[in-house]
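Only one structure is covered here, and it is reproduced in the block below.
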Number of protein chains: 2
Amino acid sequence: MSSVKHKVLVLSGKGGVGKSTFAAQLSFALAGQDKQVGLLDIDICGPSIPKMLGLEGQEIHQSNLGWSPVYVEDNLGVMSIGFMLPDPDEAVIWRGPRKNGLIKQFVKDVDWGDLDYLVVDAPPGTSDEHISIMQYLKATNVDGAIIVTTPQEVSLIDVRKEINFCKKVGIRVLGVVENMSELRQQIEIAEFKITGTDGEEKDVSEELLHQLRTHAPHLLSAFVSTTVFYGGAGGAEKMCRQMRVPFLGRVPLDPQLGKAADEGRSCFEDAKCVASSTALKSIIKQVLLATEKNG
Amino acid sequence: MSSVKHKVLVLSGKGGVGKSTFAAQLSFALAGQDKQVGLLDIDICGPSIPKMLGLEGQEIHQSNLGWSPVYVEDNLGVMSIGFMLPDPDEAVIWRGPRKNGLIKQFVKDVDWGDLDYLVVDAPPGTSDEHISIMQYLKATNVDGAIIVTTPQEVSLIDVRKEINFCKKVGIRVLGVVENMSELRQQIEIAEFKITGTDGEEKDVSEELLHQLRTHAPHLLSAFVSTTVFYGGAGGAEKMCRQMRVPFLGRVPLDPQLGKAADEGRSCFEDAKCVASSTALKSIIKQVLLATEKNG
């Protein structure tokens, strides 16, 4: 771990806010800029990283230098308990101490090599995994944590806890990412349906587009914007101001990004992901700036 | 705990799939049918239940019979660590043993009274909280677990683990709920926008509705249907067939349900929630049937 220039934790208060997706795409982006990147998944009971990097079914190899990460590219190595399960459906029913032991091994016994960036994807919460990773990494310095959230108040409650966790253990908050703020879909690929009196659904998309083409063709370039999660009290941006941590930006809920994650692909190489990848790029640029100032 | 007729766990593999929202609405629905209901939140590091039941800022009282739950109505009592924190933003940085101790107290030292249903909202995963709640409830029998998921493959991977956890510890799977399958929005309340060459966004909703009103008024009753999470391999229903557990149904991603949850309200008393509440009603009916067969 001494030959790792930058260490970044990706945290969230609540689960399912897109934390692993962000960690995966951050790693793809850094590797795309010719950085040497390690991605460490410490979500022991629900590892999503192997799938999101397209590495399902891969195994870890042992060398005389320790465990070898699984490589997506020469400059992107990944470590996860997902590579160690004989059956991917098997539940990892482990209490804290056993999880802590494995995290320690992931930090100390893995031959990460020289890295520009180690990205750590943590499970939601502030318990064993978080206390342990901080302990094992602390001696060798951590650049900071990125916290991912949705605009919902139930999610922000847990983010405040997460920020206070960072303050308590002395880790810098690089910033907060607001995910799934809004869903955008081009009108030409949206589906429009009508439920008939018999309960049957009829697709009227073609008919609607035909009407627009005939009577108002300029509207064909419109998109449908849907607020998915209402951020009652001003969302993540306001919370960041109150808690004096940087707000890194918003990423729209993009079904195409979810698809790329499910298929283990980088969104930056998929033109269909433009809604999310543009937002992610700007956020990752800020992360790079903030960490590289550290040296 | 001996005077509790039915005990139901609400589980998920991944977080953020709507598990706490489901547990909250299940409790509202059961209470609405004049059942005596207890709702126990064992998500120690990220308790969402107080907010979702409209009970933020409430405190637990102590009587000579033990801790008293916080009551929404006479027949709906709630217990959560959220009621015990002096500052709601404070992080609960606890390792497993301390979490287990509190869960034991929630089961043994709380004066739940006579209950028809105890609903337990668990955190994501298969670790300390899950092992402990099973241990403390086991002696007195659990009806089964409801597992909530989204259609995404990354979520289904963790659900398979969760089902295998249930099999290993000997708890019946009452069924799987697929959440956030599809987003539906009436065309009349959807927002349509165009991004101009200057990058400015212009709202064209009124113009679009005007075109429809003039040329095709029957299309005004259409809704926009968006696939939010692609369920590549057949979604939860197919997985249920493969793993031989009941599929309880789909609940659309309904921004209005998220809003009701953020505001601590029952979706069954809000006409705007019709898309989700109709689906939830049918699922809850099946849960009632499955548990009441148990006696």
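The values are calculated or read from the model by the stated rules, or taken from the named source; none is laboratory data. These figures come from a predicted structure and were not determined experimentally. Please note: Cβ atoms are built from the backbone with ideal geometry, for glycine as well, and neighbour counts cover all protein chains shown. Areas reflect the complete protein model, heavy atoms only, side chains present, ligands, DNA and RNA absent. Shrake-Rupley method; radii C 1.70, N 1.55, O 1.52, S 1.80 Å.
The figures follow:
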item: Table column - 3J(HN,Hα) (Hz), region B:164-180, Karplus curve with 6.51, -1.76, 1.60, x for Gly and Pro; result: 5, 4, 4, 5, 5, 8, x, 10, 5, 8, 5, x, 10, 9, 9, 9, 6
item: DSSP-defined beta bridges in chain A - what % are antiparallel, rounded to 5; result: 30 percent
item: Other copies of B:GLN186: label-to-label distances in nm, shortest first, labels 7 Å along the beta-carbon direction; result: 3.0
item: Among beta bridges that DSSP assigns inside the protein assembly as shown, antiparallel share in %, nearest 5; result: 35 percent
item: Distance from region B:134-199 to region A:226-295 (C-alpha centre basis), Å; result: 23 Å
item: Cα-based Rg / Dmax (Å) for chain B; result: 20.9, 71
item: Tensor-based shape of the protein assembly as shown (alpha-carbon gyration tensor, a/c under 1.5 rounded, otherwise prolate or oblate); result: oblate
item: Farthest toward positive dipole pole in region A:232-272 [+1 Lys/Arg, -1 Asp/Glu at C-beta], among A:GLY249, A:ALA260, A:ALA236; result: A:ALA236
item: Nearest-0.05 FRET efficiency for B:SER282 and A:THR197, computed from C-beta distance (R0 35 Å); result: 0.95
item: Estimated [θ] at 222 nm from DSSP helical runs (n ≥ 4, -39500 (n - 2.57)) normalised by residues in chain B, nearest 500; result: -11000 deg cm²/dmol
item: Net dipole in debye of region B:125-274 [+1 Lys, Arg Cβ; -1 Asp, Glu Cβ; about Cα centre; nearest 20]; result: 1120 debye
item: Cα gyration tensor, region A:1-156 - rounded (a/c under 1.5), prolate or oblate; result: rounded
item: Within region B:182-295, percent of DSSP bridges classed antiparallel, to nearest 5; result: 90 percent
item: Ranked packing of A:115-125, B:62-72, most packed first, by mean Cβ within 10 Å; result: A:115-125, B:62-72
item: Cα-centred dipole magnitude for region B:86-205, charges only on beta-carbon of K, R (+1) and D, E (-1), debye, nearest 20; result: 1060 debye
item: Cβ neighbours within 10 Å from other chains - mean over B:123-136; result: 5
item: Amide proton proximity set for B:LEU118, modelled H, under 5 Å, gap of 5+; result: B:HIS6, B:LYS7, B:VAL8, B:GLY38
item: Net dipole in debye of the protein assembly as shown [+1 Lys, Arg Cβ; -1 Asp, Glu Cβ; about Cα centre; nearest 20]; result: 1440 debye
item: Gyration tensor (alpha-carbon) shape descriptor, region B:158-229, a/c threshold 1.5; result: oblate
item: Shielding by other protein chains, A:178-186, mean Cβ within 10 Å; result: 2
item: Restraint check, A:LYS167/B:LYS138; A:LYS14/A:LYS51; A:LYS51/A:LYS167; B:LYS108/B:LYS293, Cα-Cα greater than 28 Å; result: A:LYS167/B:LYS138; A:LYS51/A:LYS167
item: Distant-in-sequence amide H partners of B:SER12 (H built 1.01 Å from N, under 5 Å); result: B:GLY125, B:VAL148
item: Length released on extending from B:LYS168 to B:LEU289, taking residue separation times 0.36 nm less the Cα-Cα span; result: 41.1 nm
item: Angle in degrees between helix A:274-292 and the longest Cα principal axis of chain A, rounded to the nearest 10; result: 30 degrees
item: Gain in span if fully extended, A:LYS238 to A:SER3, counting 0.36 nm per residue against the direct Cα distance; result: 80.8 nm
item: Karplus-derived 3J(HN,Hα), 6.51/-1.76/1.60, for each residue of region A:201-206, Hz, glycine and proline x; result: 9, 10, 7, 10, 4, 5
item: Shielding by partners, peptide A:11-18 (average Cβ within 10 angstrom, other chains); result: 6
item: Position B:GLY113, label points 7 Å along Cα→Cβ, spacing to each other copy in nm (shortest first, one decimal); result: 6.5
item: Positive-end residue, the protein assembly as shown charge dipole about Cα centroid, Cβ charges, pick of A:SER48, B:LEU85, B:THR195; result: B:LEU85
item: Per-residue HN-Hα couplings for region B:78-86 [Karplus 6.51, -1.76, 1.60; θ = phi - 60°; Hz; x = Gly/Pro]; result: 10, 10, 7, 5, x, 7, 10, 9, x
item: Other-copy label distances relative to A:LEU220, 7 angstrom Cα-Cβ extension, nm; result: 2.6
item: At least 50 Å² of accessible area lost relative to the chain alone, listed for region A:252-280 with a 1.4 Å probe; result: A:PRO255, A:ASP262
